[in-house]
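Written below as structure tokens is the structure these notes are about.
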Amino acid sequence: MIYEPLTMNNTTKVAIIMGSKSDLNVMQDAADVLAELGVEYEITVVSAHRTPDRMFSYARAAADRGIKVIIAGAGGAAHLPGMVASLTHLPVIGVPVKSSNSIDGWDSILSILQMPNGIPVATVALNAAKNAGILAAQILSTGDEYLVKNLIDFKENLKKKVEESAREMEDSD
């Protein structure tokens with residue numbers, strides 16, 4: 001279901017960044033759920049290790065461009081979310097990505113999760129970019145009544161899907 005587009009605050013934006021284009025297969029889920037909820041977003045590659053100057057300028061300019069929340073996905077050493085969080089006052093949601101050079105994703109999870117005091121990064125489960133998108137929308141909803149409505153509808157639809165699945169299983173007995 002597509003929810004009504006946001007009209008109250010058309011500058012509301014989420015940035016979705018990732019360390020490599022190979023992370024797009026995971027990070028696309030954040031973009032898809034944000035679009036479904038009617039939240040404007042941008043998506044790009046910003047590597048903490050290969051393009052540190054790009055990362056610095058991107059993170060420092062994000063708020064001035066209207067970004068309200070940053071979702072940062074990274075695999076392996078996964079420094080992108082923490083480094084971005086150190087460069088901005090905006091909330092950062094880290095998505096640990098199980099990549100080809102990953103140790104079953106644990107390296108990414110721990111790298112994003114174990115941030116020092118003062119540089120928080122909200123962390124979702126391994127490859128859980130959809131949850132990152134929902135969390136970003138929930139953060140934005142604190143000041144947006146239209147987004148609140150879309151989130152309530154979204155969660156109600158989740159509930160209905162579970163109830164339908166339960167009925168189907170019970171009816172097949």
3J(HN,Hα) from dihedral phi, the range 158-165, Karplus parametrisation 6.51/-1.76/1.60, rounded to Hz, x for glycine, proline:
4, 4, 4, 4, 5, 4, 5, 4
Centre separation in Å (Cα based) which lies between the range 71-132 and the range 140-170:
27 Å
Given the pairs 21/68; 21/160; 98/149, which are separated by over 31 angstrom at their Cα positions?
21/160; 98/149
Could you check the spin-label model distance between residue 28 and residue 170? Points 7 Å from the Cα along Cα→Cβ, value in nm.
3.7 nm
Per 10 Å bin from zero, what fraction in whole % of the C-alpha pairs of the range 13-144 is there, up to the bin with the longest pair?
15, 51, 31, 3
List the trypsin sites (Lys or Arg not before Pro) within the range 15-121 that DSSP assigns to loop and that have no more than 14 neighbouring Cβ atoms inside 10 Å.
50
Run down the aspartates and glutamates and flag those whose C-alpha is under 13 Å from the C-alpha of residue 130, throwing out any fewer than 8 positions away in its chain.
29, 32, 36
Which of the listed residues, 72, 58, 18, is farthest toward the dipole's positive end in the chain, when Lys, Arg count +1 and Asp, Glu count -1 at the beta-carbon?
58
I need the calculated FRET efficiency for the pair residue 114 and residue 159, taking r as the beta carbon distance and R₀ as 35 Å, to the nearest 0.05.
0.55
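Read-outs throughout are calculated quantities, based only on the coordinates presented, and are distinct from any laboratory measurement. Predicted model only: the values in this text are computed from it and were never measured. As a convention, Cβ positions derive from the backbone with ideal geometry for all residues, glycine included, and neighbour counts pool all protein chains shown.
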